[in-house]
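Asker: One structure coming up, written as structure tokens, with questions to follow.
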Amino acid sequence: MNITLNIQRYNPDTDEESYFQQYQVDVKPTDRLLDALMQVKRFQDGSLGFRKSCAHGVCGSDGMRINGVDGLACKTLIKDIAAHDGDTVTVEPLRHLPVQRDLIVDQQEFFEKYRAIKPYLINDEPVAGKERLQSPRERMAFDDATSCILCASCYSACPIPVEQPDFLGPAALAQAFRFLADSRDRATEQRLAIVDTEEGAWGCQNHFQCTRVCPRSILITKRINETKRMIKQSKEKESS
Amino acid sequence: MIHNFDTVIVGSGGAGLYAALEASARSKTAVLSKLYPIRSHTGAAQGGISAALGNVEEDSAQWHAFDTVKGGDYLVDQQAAMILTEEAIQAVYDLENRGLPFNRTPEGRIDQRRFGGHTRNFGEGPVRRACYAADRTGHMILQTLYQQCIKNEVSFFDEFQVVDVIIEDGSCRGVVVVELATGEMHIFAAKAVLFATGGFGRIFKITSNAYANTGDGPAVCARRGIPLEDMEFYQFHPTGIMGLGILISEAVRGEGGILRNRDGERFMERYSPTLLDLAPRDIVARSILTEVRAGQGIRGDRRIDDYVHLDATHLGKEVLDAKLPDISGFCRTYLGIDPIDAPIPVLPTAHYAMGGIPTDVHGRVVIDREGTIIDGLYAAGECACVSVHGANRLGTNSLLDLIVFGRRAGQHIAEYVKDAPAPRPVADADEFARAWIDRLLDGADGPHGGAITDEMQVTMMEKVGIYRNKADMSVAVDQIQELRSRYQTVRVQDTGSRFNTDLLELIELGNLLDLSLVTAVSALHREESRGAHSREDFPERDDDTWLKHTLAYLEGDEVRLDYKAVDTSIWEPKPRTY
């Protein structure tokens with residue numbers, strides 16, 4: 001089938017402002033959007049800028065807004081975004097992050113917020129040359145959060161940063177939960193202090209946009225709410 | 001711009017990050033990555049990392065080493081294999097201690113499962129050796145190591161593309177790099193450089209590899225006189241999603257999945273009576289292709305793209321959900337089927353380079369049969385060839401290779417740079433890279449890279465794929481040479497400097513073409529069948545003539561071949577049956 005890709009273009013070196021450019025591509029309904037973008041890149045217009053790597057939804061490079069919904073170009077099939085011959089698919093860069101070129105955004109701020117929650121296991125207790133024990137139930141308590149590929153789709157989907165640019169965002173908060181809920185971690189208080197803020201967990205207003213778009217099906221909003229409960233419980237414990 | 005570091009690591013997958021953790025603790029270290037580090041292809045590895053922990057049944061590092069040697073069809077350097085499997089055990093505990101969320105046994109220990117070619121007691125039957133985190137073990141390794149690098153404040157240079165290595169008087173002096181964001185060329189002068197750039201599956205049409213897997217490290221080294229070892233040994237994973245090549249982990253068969261032909265027959269019973277569906281990958285891939293060629297594929301039309309079924313419908317929802325969730329997701333997304341309801345259509349997909357930059361067990365690059373070292377030049381991971389995988393790698397041993405030899409290289413570098421002379425700039429170090437890139441950017445009329453990429457991938461897939469013969473490979477060498485000369489006329493369509501991904505892709509294409517040539521020539525000259533290298537015209541293994549590693553030197557448009565001995569100091573080569 002033949003479809004039109006309506007792609008937002010912007011090169012800060014040469015363009016006053018962004019504009020949309022259209023490309024016609026011949027695709028199969030089961031092709032990935034990334035396949036269509038590669039067709040443009042290799043055979044129509046080498047100047048189109050976008051990131052890509054694994055092409056099957058595990059590396060997180062090709063997050064973008066597809067018909068207004070954030071997601072990965074390699075995990076989005078044409079049949080899910082264009083039903084008929086001649087349909088148009090609009091592709092824009094992720095929101096809340098500065099555009100560097102076309103669909104490429106600067107993810108530095110996104111990664112800084114990830115770093116802010118101390119995304120690493122903290123446990124200085126000695127281990128006797130083997131693994132730390134953890135029951136299957138304890139392991140599954142934070143399972144879905146470990147799937148995160150830091151693609152920033154959730155960050156772009158979230159409405160909060162529009163009004164509150166310092167909001168840590170869904171991905172960083174989900175990763176805070178990943179360590180808070182890990183029975184091996186010993187930095188609960190440190191981490192709770194980071195997320196017990198307006199920029200942290202309390203910034204979330206349960207819009208569920210992150211959960212809706214997450215290409216890894218992580219129940220992000222639920223994890224943030226569990227984190228809020230952990231904060232409350234920790235405070236109740238303190239005061240009792 | 002010129003930077004000075006003790007240590008420069010090129011690549012931020014498992015090997016590069018582990019080396020960075022070691023090297024950065026004791027030397028001024030920079031990690032250069034063409035991607036954001038967390039996007040590296042280590043993250044796509046699914047099934048597991050093997051280590052003889054013995055958590056669920058008896059196991060030993062020696063059995064693991066033997067399986068590795070036999071799996072590699074005796075082209076493995078055996079002392080290196082012992083190091084791999086002995087250090088595996090502590091390496092896995094280290095990863096766990098650093099936070100890796102392995103699946104657990106009821107007792108709370110790291111759970112282990114079966115994988116192809118891994119056996120108890122020297123081949124008696126399958127053993128549970130693969131430690132795993134669902135079917136995203138590589139993802140968890142990459143995440144854990146990246147998290148540790150954040151904790152240890154490792155310096156990253158994200159989206160920097162290596163284009164040359166500086167070697168002078170038998171020593172490595174640094175690398176030449178293009179910064180994607182600005183197009184600026186940088187020289188990173190260093191006492192030690194580690195290449196950990198991963199694989200180059202993109203030389204083939206159907207591959208499980210990422211777009212980024214373009215062999216930048218091996219290609220850059222090859223152009224500077226470093227030989228590439230055993231490039232004819234390229235692994236096709238038996239089970240890629242039909243048409244797309246997306247990996248369906250061997251863990252599906254490790255958990256009990258079964259390959260079936262159009263009659264529903266479990267055909268591996270005929271090819272590998274003991275290990276069945278868990279035979280090593282080269283054997284399973286050939287078996288699938290043999291079925292397809294005999295008209296036993298699902299369509300039965302004997303065409304190259306016919307396929308077989310991987311049946312996981314009997315595994316139960318619980319196993320699929322807890323142990324294979326990503327695989328199930330891939331099937332739903334790309335095939336519109338759920339593996340609990342329907343078998344998965346699969347076909348072999350180009351997956352892993354056993355060959356690469358020759359190194360010793362410390363990651364030091366070795367440039368000839370005598371074992372001559374280039375001071376300060378290191379390689380680890382898929383881009384390197386230690387050789388622990390020989391003619392065919394066992395599943396789960398790639399993640400292990402990254403961790404064990406990434407760490408060893410990082411440790412050796414940390415010691416080496418203490419006494420090494422300070423990095424010093426080399427005059428005109430970027431001359432070659434500038435000439436290359438200026439030519440691509442000069443605005444002259446020339447073809448774009450798309451058609452050349454396509455033709456290269458089809459040629460390699462059809463003529464230097466699973467089954468090979470002299471006639472096809474001779475044609476392939478000529479075709480690749482023709483594509484390389486056409487490459488001399490290609491030009492970018494984007495002459496800008498900011499995020500010029502057009503330029504990046506043409507640089508990558510140049511690398512892939514050089515590696516295609518070296519692969520095809522190495523394969524054409526090895527007149528035997530061993531592991532993943534299957535010659536229709538030489539169907540037997542020939543230890544008298546060919547029990548040796550290939551060293552291929554790219555010299556302009558020619559490839560000169562030499563050979564070096566295999567370490568068989570522990571186990572005498574024997575016929576390989578399963």
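Asker: Mind listing the phi-derived Karplus ³J(HN,Hα) values for region A:11-26, rounded to whole Hz, using 6.51, -1.76 and 1.60 with θ = phi - 60°, and x for any glycine or proline?
Answerer: For region A:11-26, the Karplus curve yields 10, x, 6, 10, 10, 5, 8, 6, 8, 9, 10, 10, 10, 8, 10, 9 Hz.
Asker: Can you work out the base-10 log of I(q)/I(0) for the protein assembly as shown at q = 0.06, 0.08, 0.11 1/Å, using the Debye formula on its C-alpha atoms alone?
Answerer: -0.35, -0.64, -1.32
Asker: For A:Val105, list long-range residues whose amide hydrogen, built 1.01 Å from N in the peptide plane, is under 5 Å from its own amide hydrogen.
Answerer: Amide H to amide H, under 5 Å and 5 or more residues apart or across chains, A:Val105 pairs with A:Gln100.
Asker: If you don't mind, another one. Looking only at other chains, what is the average number of their beta-carbon atoms within 10 angstrom of each beta-carbon in A:141-152?
Answerer: Working: counts 0, 1, 6, 1, 1, 10, 8, 3, 7, 5, 2, 0.
Across A:141-152, the average partner-chain Cβ count within 10 Å equals 4.
Asker: Report in % the part of the accessible area of region B:198-325 that belongs to carbon and sulfur, leaving out ligands and nucleic acids; probe 1.4 Å.
Answerer: Details: 1850 of 3830 Å².
Of the solvent-accessible surface of region B:198-325, carbon and sulfur hold 48 percent.
Asker: Report, to the nearest whole %, how much of the accessible area of chain A belongs to carbon and sulfur atoms, 1.4 Å probe, protein only.
Answerer: C and S fraction of accessible area: 47 percent.
Asker: I'd like the Karplus ³J(HN,Hα) series for region B:369-377: coefficients 6.51, -1.76, 1.60, θ = phi - 60°, whole numbers in Hz, and an x wherever there's a Gly or Pro.
Answerer: 5, 7, x, 5, 9, 9, 4, x, 10
Asker: Taking the full set of protein chains and a 1.4 angstrom probe, give the accessible area of A:Thr14 in square angstrom, rounded to the nearest 10.
Answerer: Accessible area of A:Thr14: about 110 Å².
Asker: Okay, moving on. Please state the equivalent ellipsoid semi-axes for region B:457-578: what are the square roots of 5 times the Cα gyration tensor eigenvalues, largest first, in whole Å?
Answerer: 35, 16, 13
Asker: Go through region B:112-186 and name the chymotrypsin sites (Phe, Trp or Tyr not before Pro) that are in a DSSP coil and have 15 or fewer other Cβ atoms within 10 Å of their Cβ. Present the calculation step by step, with values, prior to reporting the outcome.
Answerer: Details: sites: B:Phe115, B:Phe122, B:Tyr132, B:Tyr146, B:Phe156, B:Phe157, B:Phe160; in loops: B:Phe122, B:Tyr132.
Taking region B:112-186 and a limit of 15 other Cβ atoms within 10 Å, the loop chymotrypsin sites (Phe, Trp or Tyr not before Pro) found are B:Phe122.
Asker: Give the Kirkwood hydrodynamic radius (Å, one decimal) of chain B, defined as one over the mean of 1/r across all pairs of different Cα atoms. Could the numbers behind the result be given before it?
Answerer: Details: mean 1/r = 0.0423 Å⁻¹.
Result for chain B, one decimal place: 23.6 Å.
Asker: Between B:Ala342 and B:Arg266, what is the label-to-label distance in nm when each label sits 7 Å out along the Cα-to-Cβ direction?
Answerer: 2.4 nm
Asker: While we're looking at this one, here's another question. In terms of modelled amide H atoms, which long-range or inter-chain residues lie less than 5 Å from the amide H of B:Arg541?
Answerer: For B:Arg541, whose amide H was placed from the backbone, the distant partners under 5 Å are B:Ser529.
Asker: Please list, or write none, the lysines whose alpha carbon is within less than 18 Å of the alpha carbon of B:Lys191, excluding same-chain residues fewer than 8 places away.
Answerer: Output for B:Lys191: B:Lys28, B:Lys418.
Asker: Would you please give the residues with an amide H less than 5 Å from that of B:Val366, counting only those at least 5 places away or on a separate chain, with H modeled from the backbone geometry?
Answerer: Amide H neighbours of B:Val366, under 5 Å, 5+ apart: B:Thr359, B:Asp360.
Asker: At 222 nm, what value in deg cm²/dmol follows for chain B if DSSP H runs of at least 4 each add -39500 (n - 2.57) and the sum is divided by all its residues, to the nearest 500?
Answerer: -10500 deg cm²/dmol, from helical runs alone.
Asker: If you don't mind, another one. What spacing in nm lies between the two simple spin-label points modelled at A:Asp45 and A:Arg229, each 7 Å away from Cα in the Cβ direction?
Answerer: 4.9 nm
Asker: Still on this structure, please answer the following. With a point put 7 Å past each Cα toward its Cβ, work out how far A:Gln21 is from B:Glu540 in nm, to one decimal.
Answerer: Going from the A:Gln21 label point to the B:Glu540 one covers 6.1 nm.
Asker: Can you work out ³J(HN,Hα) from phi for every residue in region B:327-334, in order, using Karplus 6.51 cos²θ - 1.76 cosθ + 1.60 and θ = phi - 60°, giving whole Hz and x for Gly and Pro?
Answerer: 3J(HN,Hα) across region B:327-334, in whole Hz: 4, 4, x, 4, 5, 5, 5, 9.
Asker: Nearest 100 Å² is fine: what is the total accessible surface buried where chains A and B meet, probe 1.4 Å?
Answerer: 5400 Å²
Asker: In what sequence, largest accessible area first, do B:Tyr467, A:Tyr155 appear using a 1.4 Å probe?
Answerer: B:Tyr467, A:Tyr155
Asker: Over region B:202-337, what relative contact order in percent results from Cα pairs under 8 Å that are six or more residues apart?
Answerer: 21 percent.
Asker: Still on this structure, please answer the following. On full extension of the chain, what length is gained from B:Asp419 through B:Met185, given 0.36 nm per residue of separation minus the C-alpha to C-alpha distance?
Answerer: 81.3 nm
Asker: Further question: Just A:Pro159, A:Pro93, A:Pro136 to compare: in a GNM of chain A, with alpha carbon springs under 10 Å, which one fluctuates most?
Answerer: Answer for the Gaussian network model of chain A: A:Pro136.
Asker: Here's another thing I want to ask about it. With every protein chain kept in place and ligands, DNA and RNA left out, what is the accessible area per residue of chain B? Probe 1.4 Å, answer in Å².
Answerer: Solvent-accessible surface per residue comes out at 31 Å².
Asker: Which of the residues in region B:486-507 show a loss of at least 30 Å² in accessible area from their chain by itself to the complete set of protein chains, at a probe of 1.4 Å?
Answerer: Those residues are B:Gln493, B:Asp494, B:Arg498, B:Phe499, B:Thr501, B:Glu505.
Asker: With a/c under 1.5 counting as rounded, go ahead and sort region B:397-517 into rounded, prolate or oblate using the C-alpha gyration tensor (a ≥ b ≥ c being the square roots of the eigenvalues; past the cut-off, prolate if a/b is larger than b/c, else oblate).
Answerer: oblate
Asker: Sticking with this structure for a sec: Semi-axes of region B:1-83's equivalent ellipsoid from the Cα gyration tensor, sqrt of 5 times each eigenvalue, largest first, rounded to whole Å?
Answerer: 33, 16, 14
Asker: Could I ask something else about it? Before I look further, what does chain A give for accessible area per residue, probe 1.4 Å, in whole square angstrom?
Answerer: Result: 41 Å² per residue.
Asker: Over 27 Å between Cα atoms, which of A:Lys41/B:Lys205; B:Lys205/B:Lys564; A:Lys222/B:Lys34 qualify?
Answerer: B:Lys205/B:Lys564; A:Lys222/B:Lys34
The values are calculated or read from the model by the stated rules, or taken from the named source; none is laboratory data. As the structure is a computational prediction, the values presented were derived from the model and not from experiment. Note: ideal-geometry Cβ built from the backbone for every residue, glycine included; neighbour counts use all protein chains shown. Only protein heavy atoms, including side chains, enter the accessible area calculation; ligands, DNA and RNA are left aside. Shrake-Rupley method; radii C 1.70, N 1.55, O 1.52, S 1.80 Å.
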